[in-house]
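For reference, the structure is listed below as structure tokens.
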Amino acid sequence: MTVTTFRASVQGQLRDRLLDSAQAQIEKRGWSSVTMSRIADEVGVSRQTVHNELGTKRQLAEHLAMRELARFLEVVRDRMAGQADVVDAVVAACEGALELGERSLLVRTIVGSVPGEHDPDLLAILTVESGEIIETASAAVKQCIADGAFDLPLTDAEVDVAVESVVRLVLSAITRPSKPPAEAAADIGWILRLALRGARG
């Protein structure tokens, strides 16, 4: 391991510890109780170190959201792997992501389903300012499709549109759930099948 790699590893471990502390605070006392000073005290570093690593509290929320997204994408990759049909793969992935959304304390805090913890600034991360989440998730899904070597009657540009649409539908279902995960995923699959049927003529 080079010195540069070692430093990057240490810095990554520090960031994880800081985010773990913030996550624990959310679980114990809610988002409103999270402060940079409390994170610094719990991890044993200076407040300036926390700001250097995580930025503002708003940026902290973004870091937490992206780390949580990584958990969702692990589920997506696992559910899509080994599927023979692309729609079955997408439905399985959507259902897994929606189930995780129901269990994720961070997501429930962001969308305001934890009593007293609704915060419009946090909700914006998953809605009007969700560009990075959508872009990252879409890239992961497209990679899963490529890895599965699915035969799609779509151009690359059409695949981009289809995948982004699915990601947005899942994100909408997570932030404004109206159906059980299996039903919501099946609805998304139905829409996708119609699109593919139309593309095949």
| said: Please report the carbon-and-sulfur percent of the accessible area for the chain; probe 1.4 Å, protein heavy atoms only, DNA, RNA and ligands left out. | reply: 52 percent
| field | Within region 49-73, backbone nitrogen closer than 17 Å to the virtual label 7 Å beyond the Cα of residue 38 toward Cβ | value | 50-51, 56-62, 64
| Potential extension, residue 46-residue 103 segment - 0.36 nm per residue separation minus Cα distance | 17.2 nm
| query | Reachable lysines from residue 57, Cα under 21 Å, same-chain residues fewer than 8 places away excluded? | reply | 28
| note | accessible surface per residue for the chain, probe 1.4 Å, DNA/RNA/ligands not counted, whole Å² -> 55 Å²
| query | On average over all directions, what projected area in square nanometres does region 31-105 have, based on the convex hull of its Cα atoms? | reply | 6.3 nm²
| remark: Phi angles of region 134-142, converted by Karplus (6.51 cos²θ - 1.76 cosθ + 1.60, θ = phi - 60°) into ³J(HN,Hα) in whole Hz with x for Gly and Pro, give 5, 5, 5, 5, 4, 4, 5, 5, 4
| query | Can you give the Rg and Dmax of the chain based on its C-alpha atoms, in angstrom? | reply | 19.0, 63
| query | Considering the alpha-carbon set of region 122-201 alone, what are its Rg and its Dmax in angstrom? | reply | 13.5, 43
| For region 23-34, 3J(HN,Hα) per residue [Karplus equation, 6.51 cos²θ - 1.76 cosθ + 1.60, θ = phi - 60°, Hz, x = Gly/Pro] | 4, 5, 5, 4, 5, 7, 10, x, 4, 4, 8, 6
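The values are calculated or read from the model by the stated rules, or taken from the named source; none is laboratory data. Computed from a predicted structure; not experimentally measured. We place every Cβ from the backbone using ideal geometry, glycine too, and count neighbours over all the protein chains shown. Areas reflect the complete protein model, heavy atoms only, side chains present, ligands, DNA and RNA absent. Shrake-Rupley method; radii C 1.70, N 1.55, O 1.52, S 1.80 Å.
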